[in-house]
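The values are calculated or read from the model by the stated rules, or taken from the named source; none is laboratory data. The structure presented is a predicted model; accordingly, all values stated were derived computationally and were not measured. No Cβ is skipped: glycine too gets one built from the backbone with ideal geometry, and neighbour counts run over all protein chains shown.
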Amino acid sequence: MDTADASSRKALETLMHNMLMADHVSHRLVKPIVARICALRGTAEAMIAYFAEIVSEIREPITVVEKDIESEKQRQINLKIVPGIQNEDAEVRNTAIQALGLCCYLSKDLLVTYIPLFMQASQIEVEGVQVTALQILFDLLLIFGLNIVDASETSSSGSADNGPQTSEQDASSVEKASDERNGTPSKLVAIICSFLEGEVSFK
């Protein structure tokens, strides 16, 4: 094809673009296709702009799929795990807590939602469920660090920041949020330390 003509270059570029975006094109062809597109584009600025658009086109459907996966994950948790946590049988609750913990290992968003539940279970549940909840809290701290607590508080206090406030209300809110930020990590550490002290005393 004669690429000296603008319309010919455009047609060839469209063909290369469609091949690059096609699912059935072998990955071995990607490199020569990209090289040809670069030759047609000419300048580095044009190539950067083009490939930025390509990445955006590829990323958009991936983002949609990711959102669908997260939505389905939450639906499955609500349908299959949450009822187990509310079950009267302690063994069922324990298994449900374990399942929820595994989900939170994979998703910080889920962790932010459910860490208060693990903290509560570690204090008021029967011994077997308490131990499971504490093990999950240990694991979550190892995976995400203490910043998980800050993320949880930011999420939970976000709704309280909406709407007009007087200066006194604003100062009170800031002071309360500061107290919560300082208190929750301490509470989490205290729960774990208390458990460890109990284990040492028992041995």
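Pairing residues of the range 104-118 that are within 14 Å of Val82 (Cβ to Cβ) with residues that are of a type in the set (D, E, K, R), at Cβ distances under 8 Å and at least 6 apart in sequence or on separate chains, gives Leu110/Lys73. On inspection, Arg41 does not qualify as over 38 Å from the mean Cα position of the chain (by Cα) and surrounded by 11 or more Cβ atoms within 10 Å (Cβ to Cβ). One residue is enough: does the range 192-201 have a residue meeting the conditions under 27 Å from the mean Cα position of the chain (by Cα) and at pLDDT 55 or above? Among the residues of the range 192-201, at least one is under 27 Å from the mean Cα position of the chain (by Cα) and at pLDDT 55 or above, which makes the answer yes. Considering the range 116-129, the residues that are closer than 10 Å to Ile97 by Cα and of a type outside the set (Gly, Ala, Ser) include one that is surrounded by the fewest Cβ atoms within 10 Å (Cβ to Cβ), namely Leu117. Scanning the range 25-42 turns up one or more residues that are over 30 Å from Lys108 (Cβ atoms), assigned to a helix (DSSP H, G or I) and of a type in the set (Gly, Ala, Ser). Tyr50 meets each of the listed conditions (1) loosely packed, with under 10 Cβ neighbours inside 10 Å; (2) in contact with a Lys or Arg (Cβ under 7 Å, 6 or more places away or on another chain) apart from (1).
Sub-8 Å Cβ pairs linking a first residue in the range 55-73 that is at pLDDT 80 or above to a second residue that is part of a helix (DSSP H, G or I), at least 6 apart or interchain, are Glu70/Asp109; Lys73/Cys103; Lys73/Leu110, ordered by first then second residue.
Do the conditions hold for Gln123, that is, is it over 18 Å from Ile77 (Cα atoms), more than 18 Å from the chain's Cα centre (by Cα) and among the polar types (S, T, N, Q)? Against the criterion (over 18 Å from Ile77 (Cα atoms), more than 18 Å from the chain's Cα centre (by Cα) and among the polar types (S, T, N, Q)), Gln123 qualifies.
One line per residue, one yes/no per condition, for (1) of a type outside the set (Phe, Trp, Tyr); (2) more than 29 Å from the chain's Cα centre (by Cα); (3) surrounded by 11 or more Cβ atoms within 10 Å (Cβ to Cβ):
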residue	(1), (2), (3)
Leu12	yes, yes, yes
Arg28	yes, yes, no
Ile37	yes, yes, yes
Gln74	yes, no, yes
Ile85	yes, no, yes
Asn94	yes, no, yes
Thr113	yes, no, yes
